[in-house]
Amino acid sequence: MQRPSPSRLAIWLSLLFIILGLVRYQPERTEPLISWDVTLYYYYLPAYLKYQDPGATGEWNELLTEHNVTPPGEGEKLPGKMSLGLSYLYLPFYLMANVSAGLFGYPADGFSPPYDLALIIGGIVAFMIGIGFLRRILLQIFSEWVVALTLILLFIGTNLWVFTLWRGANPHVWIFSLMAILLWLTLRFQKTPRSGIIIWMGIIMGEIVLIRPSDLILVMVPFLIILFSKNGSASRSYFLKRIHYLVLFGLLPWIPQILHWKMMTGDWLFYSYGKEGFFWLDPKFVEGLFSFRKGWWIYSPVMVFLIPGFTVLFKQDKPLFNSLFWPLLIGFYITVSWWCWWYGGSFGLRPMIDWLPALAIPLGYGIQALLKWNRAIFLSISFLMVAHVLFTSDLYIRGILHFDSMTFRSMTLLYQNPHWTEEYKQSLCTPNYPKALNGDRDLDQCETP
């Protein structure tokens, strides 16, 4: 019998980590998965399909209160802060929960335990689809072993594992999957240009931007790859002649959202975030990378390997370098310019999960170069990085590593004694959200949570 390839083993290892995580941590979940932001992404399904009350003006809005969403006031409608983009993807799992709720004696109200379980399964399915497509992309560039290492480090060397296992209904794992499919379609289009591929690219681009409008720069990556590819004159010409397909089908996922806004607010377009916005002249680059509150390179340390990866890519393929590096820089600038640059209660800088499929390519180049440089040193450093991520992930899931108040001192104390202590509690720094909303985002005055 033929032995599975290293890259396939990497995918099976990822699934094993997920299963072990479910067995280990699921009994400790004290809050339903459908809560806070997830409720806002999800509520469209029960609102339209069960209660026929998208404004949440009826009695069912009590369920929203139970799941940490403030229902509309007297005489008002709930327009929905988050878009309905994720509800498209949740739909098969919602329908599955409707059936299983009746079979196992739970209320088919859209919020009972079967619905939570369905979205947990949904997040895992989304990840497995994404990692499968990402493997196919990377195998067109790298050897089996480099692909295997890249997939493993991408999963357990970043915050992707936590968001697949513990926060699987959040948008990031789903966008990870969509982006992997989009990049695979891009490479396929370069080999065999077809209108059908452009149509599907447009639909996926529109869906990603509907879910998170700030990912508009992210979905430009496939466009730039096609536009600036070294050997893609034929596919580029074909693409530009039919780019209207991309635009038209990219708008398709937005139609129900626009109709919903019109029905709820009277306006075709509606900014649902109120006073929340960006401070373009005050991007938190250093904090976004190195802060122990949420720093990308603190909680996803293998992303440091992007430095040698982009260096190699710059020397070998400048068009691909430009198609990946400059959008990443702009995307990171947008991410850390948001008023709440630490993105509330989460593990690490969560918006950067959306970028992981695109960054897997320079990451692979970095891993390949470091393996050639000194395999023992590279593997030793990688092991320490993964150990750090698994250690902090465990503490985050168990409610010890704080979701928004970590400091260098806090992290040091957890490495000395990974438990809640009075000294650790005093070392935490709770951000002042009202001040940050008004532009004071330096967080130099902290309170103990």
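The values are calculated or read from the model by the stated rules, or taken from the named source; none is laboratory data. If you're wondering where the values come from, they're calculated on a predicted model, not measured in any experiment. Cβ coordinates were reconstructed from backbone atoms using ideal geometry, including for glycine residues, and neighbour counts include every protein chain displayed. Areas reflect the complete protein model, heavy atoms only, side chains present, ligands, DNA and RNA absent. Shrake-Rupley method; radii C 1.70, N 1.55, O 1.52, S 1.80 Å.
Observations
- Working note: Karplus 6.51/-1.76/1.60 with θ = phi - 60° gives the range 272-278 the couplings 8, 8, x, 7, 6, x, 10 Hz, where Gly and Pro are set to x.
- Placing +1 on each Lys and Arg Cβ and -1 on each Asp and Glu Cβ, with no other charges, gives the range 170-298 a dipole about its Cα centre of roughly 520 debye.
- In whole percents, the pair-distance distribution calculated for the range 1-95 from its alpha-carbon pairs, binned every 5 Å from zero, is 3, 11, 17, 17, 13, 11, 9, 7, 5, 4, 2, 1, 0, 0.
- For the range 281-428, averaging the sequence separation of C-alpha pairs within contact (under 8 Å, six or more residues apart) and dividing by the residue count gives a relative contact order of 30 percent.
- The chain - accessible surface per residue (Å², probe 1.4 Å): 45
- Volume per residue of the C-alpha convex hull in the range 220-339, rounded to whole Å³: 156
- The range 334-410: translational diffusion in µm²/s, Stokes-Einstein, Kirkwood Rh over Cα pairs, 10 °C, 1.306 mPa s: 107
- A Cα-only calculation for the range 275-337 places Rg and Dmax at 13.6, 45 Å.
- Loop sites in the range 265-344: trypsin sites (Lys or Arg not before Pro), DSSP, at most 14 other Cβ within 10 Å: Lys275
- Summarising the label geometry, the points placed 7 Å from Cα in the beta-carbon direction at Ala234 and Thr265 lie 4.7 nm from one another.
- Under the Karplus curve 6.51 cos²θ - 1.76 cosθ + 1.60, θ = phi - 60°, whole-Hz ³J(HN,Hα) for the range 392-406, x wherever Gly or Pro sits: 5, 4, 4, 5, 5, 4, 7, x, 9, 5, 6, 6, 8, 10, 6
- Annotation: for a label point projected 7 angstrom from Cα along Cα→Cβ of Ser143, residues of the range 354-373 with backbone N closer than 14 Å are 365, 367-373.
- The range 114-158 shape via C-alpha gyration tensor axes, a/c threshold 1.5: prolate
- Additional length obtainable on full extension of the chain from Leu216 to Ser5, 0.36 nm per residue less Cα span: 72.4 nm
- Qualifying GluC sites (Glu not before Pro) in the range 58-96, DSSP loop, other Cβ atoms within 10 Å at most 12: Glu59, Glu74, Glu76
- Share of Cα-Cα pairs in the range 66-204 lying beyond 28 Å, as whole percent: 35
- Gyration tensor (Cα) of the chain, equivalent ellipsoid semi-axes in angstrom: 33, 29, 23
- Out-of-range pairs (alpha-carbon distance over 19 Å; input Lys77/Lys435; Lys284/Lys425; Lys284/Lys318; Lys191/Lys241; Lys50/Lys77; Lys241/Lys318): Lys77/Lys435; Lys284/Lys425; Lys284/Lys318; Lys241/Lys318
- Once divided by 2.2 N^0.38 Å, the Cα radius of gyration of the range 299-449 becomes 1.22.
- Compactness of the range 44-126, taken as the C-alpha radius of gyration over 2.2 N^0.38 Å, stands at 1.10.
- Put Glu207, Glu422, Glu28 in order of accessible area, highest first, and with a 1.4 Å probe you get Glu422, Glu28, Glu207.
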